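Novice: This is the structure I want to talk about, given as structure tokens.
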Amino acid sequence: MQHIQGISRYQLRLQSLEDTISQENPVRFIDAFVNLIDLEKIGFTPRVLKTEGRPSFDTKVFLKIY
């Protein structure tokens, strides 16, 4: 075959996201910082926009992504 062979999708791989991110990665600082701040004190107040359907994501998740 003339293409690159990857890992078989039927092969079981046990790997956590925690293991793939190094201890020195800035993502760990951002995660810890956002977990420590009080979002309501800086103006992020959770609102319920609707009562049915899937609940919204936590505001801290979006702040970490940003």
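Novice: About the Cα centre of the chain, how large is the charge dipole given +1 on each Lys and Arg Cβ and -1 on each Asp and Glu Cβ? Please answer in debye to the nearest 20.
Specialist: Here the chain has a charge dipole of around 280 debye.
Novice: Another one. Report the trypsin sites (Lys or Arg not before Pro) located in segment 10-57 that are in a DSSP loop and have at most 10 other Cβ atoms inside 10 Å of their Cβ, or state none.
Specialist: In loop regions of segment 10-57 (DSSP not H, G, I, E or B), the sparsely surrounded trypsin sites (Lys or Arg not before Pro) are Arg13, Lys41, Arg47, Lys50.
Novice: Hey, rough spin-label estimate for Asp31 and Ser8, points 7 angstrom out along Cα→Cβ, what's it come to in nanometres?
Specialist: 3.2
Novice: Apply the Debye scattering formula to the chain, with a single equal point scatterer on each alpha-carbon and no solvent, then give log10 I(q)/I(0) at q = 0.19, 0.28 Å⁻¹.
Specialist: The computed values of log10 I(q)/I(0) come out as -0.91, -1.24.
Novice: Note down the net charge around Ala32, summing +1 for each Lys or Arg and -1 for each Asp or Glu among other residues with Cβ under 14 Å from its Cβ.
Specialist: Computed value for this residue: 0.
Novice: Okay, next question. Can you give the FRET efficiency to the nearest 0.05 for Asp19 and Glu40, using r as the Cβ-Cβ distance and R₀ = 35 Å?
Specialist: 0.55
Bear in mind these aren't lab numbers, they're just calculated from the coordinates by the rules spelled out. Please read all numbers here as calculations on a predicted model, not as lab measurements. Cβ: placed from backbone, ideal geometry, glycine included. Neighbour counts: every protein chain shown.
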